[in-house]
Amino acid sequence: MLERVVIINDEAVASGGAAALALLSARLLHEASIQITYLTGDNGAGFPLQDDNVEVAGLGSQPLLKLPVYKRIVNGAYNKAAHEAIKHYIEHKDTPGTVYHVHAWAQILSPSIFSALKPVHSRLVISAHDFTLVCPNGSYANFNTNSVCSLTPLSAQCLGSNCDKRRYADKLWRFSRSWLRTRLLDMSKSQCTIASIHPMMNAWLERGGIPIERIRTVLNPVKPFAHRRIAAENNSDIFFIGRLEFEKGADIAAEAARIVGRRLRIVGDGAFRQELLQRYPEVIWEGWKTHEEINELLQGARFVVMPSRLPEPFGLVAHESLQSGLPVIAFKSAFIANEAQDLGCGIVAEASDAESLAAAFAEMDSDDRVKSMSIAAFALSPGLANTPQSWRDELIELYNECLISEKQLDVRPMPGSTPELRLSHRSI
């Protein structure tokens, strides 16, 4: 019987998609009367779930980019403190009804945690929010050629590929870290479960050495921007929503919008913003907005574009937009775009460039076609994702399956005492 879920994540605040999902799972599982422990690489401050029955334990460390270079190299490959903390927790607090769920680990916790989790690997779930588990740079992308990578991770060809967004020395370090992860927990032999966020991810994970039988797809939860269909056929503006980083392709969208003479509005921010707005002064920059504020802005949207240069395993913004009645245009490396096109509510650009994207934009000039796509998006796209409640239920089902598997293995007796963690921690 499921007694407790130990959620393991780099941070205790919603700094990114993986952290937001880890925190959401904590809240939803707690509401379902399941005991929660949240083990985090930071100090645990800012954890949003305020309840005396939820245990929060923080390592007190910082993300790699905030550390001196030498600590970044060492801690990023093997954070000894994280290993010892999780090992200590398992030795003194583990029970046969406890399941461990790892979300993000690459920015603070490091591969060291997988060695510590070996004794409970049959009760271990690891979420593949991206391809970090198998690909050294986490994205199956070559940043120097702006192309999707088809190499086998950790192969000789992979080692020789200068694909990192910074420099080849960084690639070598990432390669070494990925290799170390495979040695600390060999997933080809482990009984752990990999939770992918999209079925199209599974073959890519298998290419990286994870047996297909160890992979379970649990679609992410989606909350639409609007609960009434946005009448896209009455609008004219194109929207890009997300981080302004080179790999997200906002510049490709801006060039395509310039070609067809439509206005592009950008919701988001990032390091690429200044360069982008200098090159495309006609773009309307809205900045970061809340979910509710985005809903208000999108009342003037004709469609949403997701022109990422990288593979997009899920594409939350696309799902949120489709469920609001907005068609989506993207490249074929965005998994959701292929599904949306099949449902008649999206278009996949022929090639990953501005000219092909502009041609797709031009197809949206017909009001009748846009209305048909909008209606299809609002009616059919919810089937491409979970609701928060159905996501919680699938997670609980997955955890119980892990416990059934555990009964088939020898389990060592667990001590009855529960001393404090050797982490800086607080219970809230």
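Checked against the criterion of being of a type in the set (Gly, Ala, Ser), touching a Lys or Arg at 6+ places or on another chain (Cβ under 9 Å) and assigned to a loop (DSSP other than H, G, I, E, B), the candidates 61, 110 yield just one match: 110.
Condition first: farther than 18 Å from residue 177 by Cβ and not small (Gly, Ala, Ser). Now tell me which residues in the range 69-85 satisfy that. The answer is 84, and nothing else.
In the same structural domain as residue 100 (by TED's automatic domain parsing), modelled with pLDDT of 95 or more and either in contact with a strand residue (DSSP E or B) (Cβ under 6 Å, 6 or more places away or on another chain) or within 30 Å of residue 158 (Cα to Cα) (or both): does that describe residue 253? Answer is no for this residue.
For the range 146-153, indicate whether the set of residues that are touching a helix residue (DSSP H, G or I) at 6+ places or on another chain (Cβ under 6 Å), surrounded by 15 or more Cβ atoms within 10 Å (Cβ to Cβ) and either closer than 26 Å to residue 84 by Cα or not basic (Lys, Arg) (or both) is non-empty. Scanning the range 146-153, I find at least one residue that is touching a helix residue (DSSP H, G or I) at 6+ places or on another chain (Cβ under 6 Å), surrounded by 15 or more Cβ atoms within 10 Å (Cβ to Cβ) and either closer than 26 Å to residue 84 by Cα or not basic (Lys, Arg) (or both), so the answer is yes.
Regarding the range 399-407, can at least one residue be identified that is among the hydrophobic types (A, V, I, L, M, F, W, C), outside the structural domain of residue 256 (by TED's automatic domain parsing), on the phi < 0 side of the Ramachandran plot and within 19 Å of the chain's Cα centre (by Cα)? No: the range 399-407 contains no residue that is among the hydrophobic types (A, V, I, L, M, F, W, C), outside the structural domain of residue 256 (by TED's automatic domain parsing), on the phi < 0 side of the Ramachandran plot and within 19 Å of the chain's Cα centre (by Cα).
To keep it simple, each residue is scored yes or no on (1) modelled with pLDDT under 95; (2) assigned to a helix (DSSP H, G or I); (3) small (Gly, Ala, Ser); (4) not assigned by TED's automatic domain parsing to the domain that holds residue 130.
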site	(1), (2), (3), (4)
319	no, yes, no, yes
337	yes, yes, yes, yes
340	no, yes, yes, yes
350	yes, no, no, yes
369	no, yes, no, yes
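Output the residue which, of all residues in the range 198-221 that are outside any loop (DSSP other than H, G, I, E, B) and β-branched (Val, Ile, Thr), is nearest to residue 154 (Cα to Cα).
Within the range 198-221, the match that is nearest to residue 154 (Cα to Cα) is 212.
The single condition among (1) crowded, with 21+ Cβ neighbours inside 10 Å; (2) modelled with pLDDT of 95 or more that residue 181 does not satisfy is (2). Only one entry in 130, 52 is of a type outside the set (Ser, Thr, Tyr), more than 24 Å from the chain's Cα centre (by Cα) and part of a loop (DSSP other than H, G, I, E, B), namely 52.
The values are calculated or read from the model by the stated rules, or taken from the named source; none is laboratory data. It should be emphasised that the depicted structure is a prediction, and the values quoted were computed from it without experimental measurement. Every residue, glycine among them, receives a Cβ derived from its backbone with ideal geometry; neighbour counts consider all protein chains shown.
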